[in-house]
Amino acid sequence: MTTVKFFNLATLAVCAGVVSCSVGSSGSGYMAGVGGGMRPEQATGGTSHPKPAIPDDVSYWDGDGVQGAPLIRINREKQKAYFYKGGVLVGVSSISSGNEDHATPKGRYRITEKDKDHHSSLYGVFKDKATGQMLDDNVDIRKKKVPAGAVYYPAPMPNFMRFAGAVGMHTGYLPGYAASHGCIRMPHEMSEKFFDNVQIGTPVIVE
């Protein structure tokens, strides 16, 4: 069995939730590719994006070929997600959970939906329709109207795994601390591993 380590992956993915994950600070730049055909892997570390907030020397996956029922444990204090198969720890991911105003709810849940190409219903960006220039990279569409000459693009949330109402795990920007509106943001490579190894009904424990 080969252990796969992911370093420097706390990167710049796309984080905007169905109702639970903010886009980010205006002017941060990591949403620049939205609306321009950006692929998930570009969103998490493309050359046109800023460097990771902090190096990711935490995330790894060693679960390929391991059998056993999956279970995910999320530790908000440590900002880590743990993946088990048959009670054996096979992967760890750095995360960014909900901030003080939108805490990820503590409790025991199960995966209720998997969507490889999920998009936010609330958050995204405004771009100039003619030039494609970014006008606003931190849009809550409930609170902002689309300006004249602009177009709204909802933020993509690759590998979305819903487990608590609107809250789920997905590819997302990791600034090094809890910063979302409730969702669990993960490096893209780790969200792919988690997504591929869970099923509807997989237990999720949030501590």
**Prompt:** Considering the range 74-127 alone, what residues qualify as being within 16 Å of the chain's Cα centre (by Cα), basic (Lys, Arg) and part of a strand (DSSP E or B)?
**Reply:** Lys80, Lys114, Lys116
**Message:** Residue under question is Arg162, and the condition is that it be basic (Lys, Arg), in contact with an Asp or Glu (Cβ under 8 Å, 6 or more places away or on another chain) and not in a loop (DSSP other than H, G, I, E, B); does it hold?
**Reply:** yes
**Asked** Here is a list of conditions, (1) modelled with pLDDT of 95 or more; (2) buried (at least 18 other Cβ atoms within 10 Å of the Cβ), and Gln42 meets all of them except one; can you say which number that is?
**Response** (1)
**Asked** Checking Met186 against (1) under 14 Å from the mean Cα position of the chain (by Cα); (2) more than 19 Å from Arg76 (Cβ to Cβ), which test does it fail?
**Response** (2)
**Asked** When you scan the range 136-163, how many residues do you find that are over 23 Å from the mean Cα position of the chain (by Cα) and among the aliphatic types (A, V, I, L, M)?
**Response** 4
**Complete:** Exactly one of Pro158, Pro154 is crowded, with 17+ Cβ neighbours inside 10 Å and under 15 Å from Glu192 (Cα atoms), and that one is Pro158
**Prompt:** Can you tell me which residues in the range 171-207 are buried (at least 23 other Cβ atoms within 10 Å of the Cβ) and in contact with a Pro (Cβ under 6 Å, 6 or more places away or on another chain)?
**Reply:** Thr171, His188
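The values are calculated or read from the model by the stated rules, or taken from the named source; none is laboratory data. Only a predicted model underlies this, so the values are computations on that prediction, with no experimental measurement involved. Note: ideal-geometry Cβ built from the backbone for every residue, glycine included; neighbour counts use all protein chains shown.
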